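The values are calculated or read from the model by the stated rules, or taken from the named source; none is laboratory data. Bear in mind that the values here come from a model prediction, so they are computed numbers and not experimental data. Positions of Cβ are generated from backbone atoms using ideal geometry, with glycine treated the same way; all protein chains shown enter the neighbour counts. Surface areas here come from the heavy atoms of the whole protein model, side chains and all, with no ligands, DNA or RNA. Shrake-Rupley method; radii C 1.70, N 1.55, O 1.52, S 1.80 Å.
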Amino acid sequence: MIKPKIIVHGGAWDIPAHMHKMHTDGIEKALRKGIEILQKTNDPIETVIGIVCALEDDPTFDAGKGSFLNEAGQVEMDAGIMHGKDLSVGAVAAIQNIRNPIIIANLVREKTQHVMLTGDGALMFAKEQGVQPVDTIELLVGREKELYHDLLKEKDVKIKSFFEMKHPSDTVGAVVINSHGNIAAATSTGGTPFKKAGRVGDSPIVGAGFYADDTCAGVSTTGWGEGILRTLLAREAADQVLNGTSAHDAAKKSIAIMKKKVNGDAGLIIIDKTGDYAFDHNTPFMAVGAATIDGIDFVKISSR
Ligand code: ASP
């Protein structure tokens with residue numbers, strides 16, 4: 001038997017001091033929700049969904065309510081979820097008008113023969129499943145509208161610089177292992193500010209934004225999506241564990257590999273098959289928290 005564990009992140013970037021408490025409060029609330037679900041169900045999928053929904057509902061984070069606007073002024077969101085027991089995956093990309101994209105991603109996993117649905121097709125599927133769409137206005141917060149209008153004035157928006165500097169990137173993710181050693185991982189995001197309409201990042205792509213395999217590890221990533229995609233960061237970390245590396249070293253090594261290969265800026269959380277958890281990031285800060293079934297281990301803004 002394994003001691004059930006939870007690890008959660010709320011983005012990796014230069015989180016300004018005045019936003020630290022909002023991030024730690026949001027993560028703590030989500031962790032408490034996760035502990036409650038895990039105690040009741042011992043189900044890692046239900047637990048990651050509960051955690052990610054709590055973070056999507058919290059306007060602090062760039063996922064669900066609080067998502068960034070794209071270049072066209074729309075909210076297009078990406079989310080993905082994986083069960084390490086059977087390697088089942090569900091994802092949605094560039095979905096609009098949905099409060100909790102992670103729920104639709106999981107419905108794709110459970111109810112379709114597919115791994116990913118995008119855009120209008122994903123929204124159509126959500127409606128078929130009885131999920132009520134919401135007006136974009138319900139997903140918008142003033143902070144993101146202001147950022148959008150500021151970016152509209154800039155001539156040459158360099159998205160990668162957001163992760164090194166001032167601009168927010170609060171993608172959310174969770175990894176959970178239950179007492180049987182079943183692992184689930186989930187990631188949800190509004191993507192990057194001012195992305196092109198239709199841009200899909202790393203978060204809904206299996207092996208990049210998330211990965212779970214009970215024989216090695218579960219991983220969720222956050223940061224500059226194009227760099228994470230090109231190095232398949234989540235799968236890289238899981239492969240490290242498969243090759244006998246500890247969760248701690250796998251996190252460190254894969255962030256270092258990504259930095260070296262594509263000069264990426266990102267963070268990741270990981271739980272290996274023994275229940276050891278770890279995280280690492282090369283951004284100035286990362287919002288992260290972890291718990292066992294008995295209570296919270298830590299919630300913090302980790303600094304590089
Ligand atoms: N990785 C996300 C993306 O590029 C952004 C983030 O993690 O904040 O869409």
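Do you know which residues across the range 222-242 are in contact with a Lys or Arg (Cβ under 9 Å, 6 or more places away or on another chain) and under 12 Å from LYS261 (Cα atoms)?
Selection gives GLY227, ARG230, THR231.
Condition check: more than 16 Å from the ligand (Cβ to nearest atom), hydrophobic (A, V, I, L, M, F, W, C), over 27 Å from VAL288 (Cβ atoms) and modelled with pLDDT of 95 or more. Does ALA184 satisfy that? Considered against the rule, which asks whether it is more than 16 Å from the ligand (Cβ to nearest atom), hydrophobic (A, V, I, L, M, F, W, C), over 27 Å from VAL288 (Cβ atoms) and modelled with pLDDT of 95 or more, ALA184 comes out as no.
Applying a threshold of 6 Å to beta carbon distances and a minimum spacing of six or more residues, or different chains, the list of pairs starting in the range 251-276 at a residue that is under 19 Å from SER169 (Cβ atoms) and ending at one that is surrounded by fewer than 19 Cβ atoms within 10 Å (Cβ to Cβ) and of a type in the set (Lys, Arg) reads VAL262/ARG230.
Evaluated against (1) touching a Phe, Trp or Tyr at 6+ places or on another chain (Cβ under 8 Å); (2) over 30 Å from ASN42 (Cα atoms); (3) surrounded by fewer than 24 Cβ atoms within 10 Å (Cβ to Cβ), THR192 falls short on exactly one condition, (3).
Report, by residue number, each residue of the range 123-149 that is of a type in the set (Phe, Trp, Tyr) and within 23 Å of THR171 (Cα to Cα).
TYR148
One residue stands out among those in the range 71-101 that are farther than 25 Å from PHE194 by Cα and in a loop (DSSP other than H, G, I, E, B): the one that is most open to solvent (accessible area, probe 1.4 Å), which is LYS85. The single condition among (1) open to solvent by 10 Å² or more (accessible area, probe 1.4 Å); (2) free of Cβ contacts under 8 Å to residues at least 60 places away in the same chain that ILE104 does not meet is (1). Report, by residue number, each residue of the range 14-32 that is more than 24 Å from VAL176 (Cβ to Cβ) and outside any loop (DSSP other than H, G, I, E, B). Result: ALA17, HIS18, MET19, HIS20, LYS21.
Taking the range 32-86 as the range and being of a type in the set (Lys, Arg) and at pLDDT 95 or above as the test, the residues that pass are ARG32, LYS33, LYS40, LYS85. Taken as a whole, the range 71-91 holds at least one residue that is in contact with a Leu (Cβ under 9 Å, 6 or more places away or on another chain) and either without any contact (Cβ under 8 Å) to a residue 12 or more places away in the chain or more than 19 Å from LEU147 (Cβ to Cβ) (or both). Within the range 14-30, being in contact with a helix residue (DSSP H, G or I) (Cβ under 7 Å, 6 or more places away or on another chain) and open to solvent by less than 10 Å² (accessible area, probe 1.4 Å) holds for ILE15, GLY26, ALA30. Of everything in the range 35-70 that is among the β-branched types (Val, Ile, Thr) and without any contact (Cβ under 8 Å) to a residue 40 or more places away in the chain, the residue that is surrounded by the fewest Cβ atoms within 10 Å (Cβ to Cβ) is THR41.
Restricting the range 209-242 to residues that are open to solvent by 20 Å² or more (accessible area, probe 1.4 Å) and not in a helix (DSSP H, G or I) leaves a set whose member that is nearest to the ligand (Cβ to nearest atom) is TRP224.
Residue count for the range 243-291 under the criterion of being assigned to a strand (DSSP E or B) and charged (D, E, K, R): the result is 2.
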